[in-house]
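Novice: Here you go, one structure.
The values are calculated or read from the model by the stated rules, or taken from the named source; none is laboratory data. What you are looking at is a predicted structure, and each value in this text was computed from that prediction instead of being measured. Every residue, glycine among them, receives a Cβ derived from its backbone with ideal geometry; neighbour counts consider all protein chains shown. All accessible areas refer to the heavy atoms of the entire protein, side chains included, with ligands and DNA or RNA removed. Shrake-Rupley method; radii C 1.70, N 1.55, O 1.52, S 1.80 Å.
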Amino acid sequence: MKILICGKGGSGKSTVSALLARSMAGRGRKVLVIDTDESNFGLHRQLGMELPPDFMNRFGGKQAMTERLREAFRRGEAVNVFDQKWEVDSIPDDYIHTKDGVKLLAIGKIHDFGEGCACPMGALSREFLKNLELKDDEVVIVDTDAGIEHFGRGVEDGCDLIIVVVDPSYESLKLSLKIEELAVSIKRPVYFILNKIDDESRGIMLESLNQERVAGEIPSNREIFKASLEGRELDMRLDEIESLVDKLSMET
Ligand SMILES: Nc1ncnc2c1ncn2[C@@H]1O[C@H](COP(=O)(O)OP(=O)(O)OP(=O)(O)O)[C@@H](O)[C@H]1O
Ligand SMILES: [Mg+2]
């Protein structure tokens, strides 16, 4: 099962990715977290790790990937990065950091001024996910960049299930409805997780969303807020995450 976590900027995608990963690993699943966000540097800290080297380097770096994309575009062909399937165990150790049963892979970050757009990262994420084959006890959690550009790039093509993290804001609710529409159009199951909620915001949010798709609710939590502010590992256990994992286990 490859689970993609998406939503508005700052809604809590990385937080939910990290908490889900730790909980699933605690239950004996082999978890690979894939950081596809080219801009942010928080997820690895929330998992208590250093940032692994860009996986894109394995394919010649960003310049080489950009050239590949241009060439495919010139020829009017789909970009072809892989001629073979990948398994989690075949990812070179150099690009993986591991802690408490959770493996972390980072597709690539923007490092320098003027280095160009993030299209090559999107293409690599999409192709890698499509070509990654999982064993029964393995699960992949894909943390994405904010918004819906990854839908435009087709990253969801390689995923089995989509989770939208929704925070209490009008923009987040509207974006989540758009994501639901996109996910349904590609026939992927889609669930909402309400995050940073209180009693008042919960009621308003539930009025806007298809309630059957609400798979979890995480209240505003001081401990999460403080740990993230300090760049610390999220080592807390939340009942709300445990019941979400129970629900997902029924899907997987
Ligand atoms: N349930 C929660 N309670 C309190 N604070 C939270 C909660 N969930 C997330 N946060 C805080 O909200 C901020 C954004 O969280 P996070 O980085 O997970 O969001 P994101 O969606 O990944 O953001 P980005 O779009 O920038 O990648 C962080 O400071 C985090 O600590
Ligand atoms: Mg994030």
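Novice: For D37, all conditions in the list (1) assigned to a loop (DSSP other than H, G, I, E, B); (2) surrounded by fewer than 21 Cβ atoms within 10 Å (Cβ to Cβ); (3) within 16 Å of ligand 1 (Cβ to nearest atom) hold save one; what is the number of the exception?
Specialist: (2)
Novice: From the list V184, V164, exactly one residue is among the aliphatic types (A, V, I, L, M) and either open to solvent by less than 10 Å² (accessible area, probe 1.4 Å) or within 16 Å of ligand 1 (Cβ to nearest atom) (or both). Which is it?
Specialist: Working: V184 fails: either open to solvent by less than 10 Å² (accessible area, probe 1.4 Å) or within 16 Å of ligand 1 (Cβ to nearest atom) (or both).
One residue alone meets the criteria, V164.
Novice: Here's another thing I want to ask about it. Restricting to the range 198-219, count the residues that are among the hydrophobic types (A, V, I, L, M, F, W, C), within 18 Å of I241 (Cα to Cα) and open to solvent by 90 Å² or more (accessible area, probe 1.4 Å).
Specialist: Restricting attention to the range 198-219, the residues satisfying the condition of being among the hydrophobic types (A, V, I, L, M, F, W, C) are 204-206, 209, 214-215, 218.
Next, from what is left, pick out any that are within 18 Å of I241 (Cα to Cα): 214-215, 218.
Filter once more, keeping what is open to solvent by 90 Å² or more (accessible area, probe 1.4 Å): none.
Residues meeting the conditions: 0.
Novice: Hey, R222 hits all of (1) open to solvent by 60 Å² or more (accessible area, probe 1.4 Å); (2) free of Cβ contacts under 8 Å to residues at least 40 places away in the same chain; (3) away from ligand 1 (no atom under 15 Å from the Cβ) but one; which does it fall short on?
Specialist: Of (1) open to solvent by 60 Å² or more (accessible area, probe 1.4 Å); (2) free of Cβ contacts under 8 Å to residues at least 40 places away in the same chain; (3) away from ligand 1 (no atom under 15 Å from the Cβ), only one is false for R222: (3).
Novice: Can you tell me which residue is nearest to K247 (Cα to Cα) among those in the range 145-160 that are in contact with a helix residue (DSSP H, G or I) (Cβ under 6 Å, 6 or more places away or on another chain) and either small (G, A, S) or at pLDDT 95 or above (or both)?
Specialist: G158
Novice: Among the residues of the range 46-99, write down those that are of a type in the set (D, E) and open to solvent by less than 40 Å² (accessible area, probe 1.4 Å). Write out each step before concluding.
Specialist: Looking only at the range 46-99, we keep the residues that are of a type in the set (D, E), and these are 50, 54, 67, 71, 77, 83, 87, 89, 93-94.
Within the range 46-99, D54 is the sole residue that qualifies.
Novice: While we're on this one: Could you list, in sequence order, all residues of the range 42-53 that are on the phi < 0 side of the Ramachandran plot and out of contact with any Phe, Trp or Tyr (no Cβ under 8 Å at 6 or more places or on another chain)?
Specialist: G42, L43, H44, R45, Q46, L47, M49, E50
Novice: Test R74 against the criterion of being out of contact with any Cys (no Cβ under 9 Å at 6 or more places or on another chain), closer than 27 Å to N221 by Cβ and part of a helix (DSSP H, G or I), and give yes or no. Write out each step before concluding.
Specialist: Values: out of contact with any Cys (no Cβ under 9 Å at 6 or more places or on another chain): yes; closer than 27 Å to N221 by Cβ: no; part of a helix (DSSP H, G or I): yes.
Answer is no for this residue.
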